[in-house]
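Taking it in order: structure first as structure tokens, then the write-up.
The values are calculated or read from the model by the stated rules, or taken from the named source; none is laboratory data. Being a predicted model, the structure only gives us computed values, none of them experimental. For neighbour counting, all protein chains shown are included, and Cβ atoms are generated from backbone atoms with ideal geometry for every residue, glycine included.
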Amino acid sequence: MSRQLFWSSRDDQMDSSCLFFANRKLKLLMNVKASSAPAANWMGHWLMVPISENPLLNSHLEALDQESGGLLTRLREAGDLPTKAGSLLHVKGVTGLGASRLLLVGLGAPEVLSTQSLDRALTAAFRSLTDKPNLDVGVVVPPAAILGSKTPLEFVSAAVTAANLGSVGQDLYRTERARHPLAALHVISSENMASAIERGAILGEAMNLTRELVNRPAQEVNPVTVADRCSALAVEYGLTCEIFDVPRLEAERMHSMLAVAKGSAVPARMVKLDYRGAKESSSHVALVGKGVTFDSGGLSLKPTDGMLTMKCDMAGAATVLGAIVAIARLKLPVNVTAYLGLVENMVSGTSYKLGDILTARNGVTIEVLNTDAEGRLVLADVLCYAVDQGAEKIVDLATLTGACVVALGEEVAGVFSNHDEWSGQVISAAKTVGEDMWPLPTWDLYDDLIKGDVGDIKNTGGRWGGAITAAKFLQRFVGGKPWVHLDIAGPAFQSSAKAWREAGATGYGVRTLVQLAESSVIDL
Ligand code: BES
Ligand code: MN
Ligand code: ZN
């Protein structure tokens, strides 16, 4: 029996829930409407009103205050206005306005209002409402004076993204969900906000796509179903999609990646998604994602606690998918290719073993010291392939090491690079969108730690500097091209909720990649 036959018979055994998952279209959750009526007259369940710490700047509150019989003045005099960034006050039973419920949202002082604090205040505000279904929520677009360096258009885009993020949680399989989509979001402004609404929705929906893929369990999300989902999305958004099955991956000599998949009943896939928004001569950026749909550790088996959340180990792949869908929908004038390296790291009689020597696509031989250091084995071949396809600049995203979480904590990604200018661009894109990341060194001295005894390199570098030695391993496969590796093991998936985000998948990285695509029109 050829391996091909074996794999395809497995494909037929996917149960119907998997097929449903794989063929799903990106559901547009949010119905967003523009409303030019005065806020005081707007009728709906909740009227959301942003408030500055500086009372003199709150001119948009005057009409609301008057029509509500001085409600806001009384709150201010009692010291009850929530003016600090991210603080909220829910007021019910309001009379005199079209809406009987107000949600006052503090933005703090305009001078220090950042993208991150604005996003967090708005997402917290929406999360606080979406425990009930079918709400009509109006959001008042505040005057530029209270937004500091942000514009009303940026406010609207942030609000629409926040409404999307705040209305879906990780409880996708609960009979009674904790979060519900809005009936509609009404953007209340006398200006035309259409482009900002569109942008906000595209970003929010892309992040929710990433989150959904990460939050769904490995029983549904495996290399085959993710690849199928990619091809459905590619049709929907005009991307070119190429799916590499096992025989093709063998023909491409991707034996490092294939070794990881050997223990699984589900075959490996690589997905290549092309978006061409610029002329062919302009520079070509590759986004590479680690897509280990479940990481049991393989024969170096993880203990239960460490394995529990390992459905999240394809977050890098889900992030590059979300990003390229958003880039395509925004029609950015760039050329981007996303590569998803999809495998399941499992235990069986066919698993790859400790001591095995793998030959990667570029001929580098790898000693397997630990089958749980599998992400780098997958990325090795995918990075090589991207380079061979003519990628001029590369960013990879991977839930690669626990060591990175030890170094930087759960909220911050590690940045590793061979090129200061390109990493500077990635870091500045992240800063613009308010995603925290921080660089760690990739000096030559770390190469010693992964030098092989039997082959060229080992797949682990021992106890010290674990996030860095993983990055140094990857660097062997980028052919000297400008490359940035983002270790998102911390921020991709969160064990507990915060006021401003759900627990589970976060969608971290999507906004940075979209921003990077927008800014990388500036060529190196
Ligand atoms: N997927 C894990 C890394 C991870 C840990 C992601 C925690 C998200 C949260 C990765 O494949 C892994 O197992 N890494 C090992 C590497 C070690 C064996 C060298 C680790 O970090 O322990
Ligand atoms: Mn692992
Ligand atoms: Zn892993």
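Only one of ALA338, ALA326, ALA391 is assigned to a loop (DSSP other than H, G, I, E, B), buried (at least 23 other Cβ atoms within 10 Å of the Cβ) and away from ligand 3 (no atom under 13 Å from the Cβ); which?
Just one listed residue meets the conditions, ALA391.
Looking at the range 439-459, is at least one residue buried (at least 21 other Cβ atoms within 10 Å of the Cβ), within 16 Å of ligand 3 (Cβ to nearest atom) and within 27 Å of ALA265 (Cβ to Cβ)?
Within the range 439-459, one or more residues are buried (at least 21 other Cβ atoms within 10 Å of the Cβ), within 16 Å of ligand 3 (Cβ to nearest atom) and within 27 Å of ALA265 (Cβ to Cβ).
Per-residue answers, yes or no, for (1) over 20 Å from VAL378 (Cβ atoms); (2) aromatic (Phe, Trp, Tyr); (3) modelled with pLDDT of 95 or more:
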| site | (1), (2), (3) |
| --- | --- |
| TRP422 | yes, yes, yes |
| THR432 | yes, no, yes |
| LEU445 | yes, no, yes |
| VAL454 | yes, no, yes |
| ALA467 | no, no, yes |
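Six or more apart or on different chains, Cβ atoms under 6 Å: show the pairs whose first residue is in the range 197-221 and closer than 19 Å to GLN515 by Cβ and polar (S, T, N, Q) and whose second is at pLDDT 95 or above and in a helix (DSSP H, G or I).
Once the first residue is closer than 19 Å to GLN515 by Cβ and polar (S, T, N, Q) and sits in the range 197-221, its partners that are at pLDDT 95 or above and in a helix (DSSP H, G or I) give ASN208/ASN164; THR210/ALA318; THR210/THR319; THR210/GLY322; THR210/VAL510.
So, in the range 259-272, exactly how many residues are touching a Phe, Trp or Tyr at 6+ places or on another chain (Cβ under 9 Å) and either surrounded by fewer than 24 Cβ atoms within 10 Å (Cβ to Cβ) or farther than 22 Å from LEU474 by Cβ (or both)?
The number of residues fulfilling the criteria is 6.
Which residues, counting only those in the range 270-292, are of a type in the set (Ser, Thr, Tyr) and at pLDDT 95 or above?
Correct list: TYR275 only.
Answer yes if at least one residue in the range 470-485 is touching a residue at least 12 places away in the same chain (Cβ under 8 Å), touching a Gly at 6+ places or on another chain (Cβ under 6 Å) and either aliphatic (A, V, I, L, M) or surrounded by 19 or more Cβ atoms within 10 Å (Cβ to Cβ) (or both), and no otherwise.
Scanning the range 470-485, I find no residue that is touching a residue at least 12 places away in the same chain (Cβ under 8 Å), touching a Gly at 6+ places or on another chain (Cβ under 6 Å) and either aliphatic (A, V, I, L, M) or surrounded by 19 or more Cβ atoms within 10 Å (Cβ to Cβ) (or both), so the answer is no.
For the range 319-341, indicate whether the set of residues that are within 15 Å of ligand 1 (Cβ to nearest atom) and within 26 Å of LYS451 (Cα to Cα) is non-empty.
yes
Tell me, please, whether a residue that is closer than 25 Å to ASN459 by Cα and touching a Ser or Thr at 6+ places or on another chain (Cβ under 8 Å) can be found in the range 317-334.
Yes, some residue in the range 317-334 is closer than 25 Å to ASN459 by Cα and touching a Ser or Thr at 6+ places or on another chain (Cβ under 8 Å).
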